[in-house]
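Participant: So that we are looking at the same thing, I have put the structure below in structure tokens.
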Amino acid sequence: MMDIIDSCIFCKITRKEDQKTELLYDDERVSVFRDIRPATPHHYLVASKEHIPDAKHLNPEHSGLVEHMVSVGKGVMATQSGGTSDIRLGFHWPPFHTISHLHLHVISSTNQMGWIAKGIFMPNSYWFVTRLKKAKD
């Protein structure tokens, strides 16, 4: 597991070891930075500091982390002058992600997305999940 964490680019970014990536927000649980292939001018990634491979690996104990990621994502969007009324937040579902490290896409304004981006970030598709189902008690 240590080899994965050592080689994971998002782990390096959240540990502030990647000098090329500007952090827009950073706390003890998450870091936020711009997507390198943005779907719109305001496309940010909220990455967990804990190395979780993807959204499929989340469990009920992670609900606080996910809520924090959403809250931080919306806050960063507001501080970066992105609109929060036409916002899309979600996770790519495996195997449809390029980085195996939990990260929330925060995208605004969705009406600025091209047709390819609209497909890639289609809400609640097989590959992009905007709502995570809660585990039954």
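The values are calculated or read from the model by the stated rules, or taken from the named source; none is laboratory data. What you are looking at is a predicted structure, and each value in this text was computed from that prediction instead of being measured. Cβ: placed from backbone, ideal geometry, glycine included. Neighbour counts: every protein chain shown. Only protein heavy atoms, including side chains, enter the accessible area calculation; ligands, DNA and RNA are left aside. Shrake-Rupley method; radii C 1.70, N 1.55, O 1.52, S 1.80 Å.
Participant: Read phi for every residue in region 32-49 and hand back ³J(HN,Hα) as whole Hz from Karplus 6.51 cos²θ - 1.76 cosθ + 1.60, θ = phi - 60°, with x for Gly and Pro.
Facilitator: Result, ordered by residue: 10, 8, 6, 6, 6, 10, x, 7, 9, x, 10, 10, 10, 10, 9, 9, 6, 6 Hz.
Participant: Residue-wise, which Karplus ³J(HN,Hα) couplings in Hz belong to region 6-11, taking 6.51 cos²θ - 1.76 cosθ + 1.60, θ = phi - 60°, and x for glycine or proline?
Facilitator: Calculated HN-Hα couplings, in order: 5, 9, 6, 5, 6, 4 Hz.
Participant: Which pairs in the list 12/56; 20/49; 20/118; 49/74; 56/118; 16/56 are over 24 Å apart, alpha-carbon to alpha-carbon?
Facilitator: 20/118; 16/56
Participant: For residue 128, enumerate residues with amide H under 5 Å from its amide H, sequence gap 5+ or separate chain, H modeled in the peptide plane.
Facilitator: Excluding prolines and chain starts, which carry no amide H, the hits are 93.
Participant: For the chain, what % of the accessible area comes from carbon and sulfur atoms, probe 1.4 Å?
Facilitator: Working: 4450 of 8200 Å².
That fraction is 54 percent.
Participant: Is there a quick way to get the dipole size of the chain? I mean about its Cα centre, with the Cβ of Lys and Arg at +1 and of Asp and Glu at -1; what is the value in debye to the nearest 20? List each step's numbers first, then the result.
Facilitator: Values: 16 positive and 15 negative charges, 96 e Å.
Here the chain has a charge dipole of around 460 debye.
Participant: Which value, in Å to one decimal place, does the Kirkwood hydrodynamic radius take for region 5-47 when every pair of different Cα atoms is included? Provide the component values of the computation, followed by the final result.
Facilitator: Values: mean 1/r = 0.0931 Å⁻¹.
Here the Kirkwood hydrodynamic radius works out to 10.7 Å.
Participant: Report the longest stretch of the chain that contains none of the trypsin sites (Lys or Arg not before Pro) sitting in a DSSP loop with at most 14 other Cβ atoms within 10 Å. Please list the in-between numbers first.
Facilitator: Numbers: sites that count: 15, 16, 20, 131, 133, 134, 136.
Value returned for the longest uninterrupted segment is 21-130.
Participant: Kindly report the accessible area of region 69-113 per residue (heavy atoms of protein chains, probe 1.4 Å, no ligands, DNA or RNA), in Å². Walk me through the numbers on the way to the answer.
Facilitator: Values: 1930 Å² over 45 residues.
It amounts to 43 Å² per residue over region 69-113.
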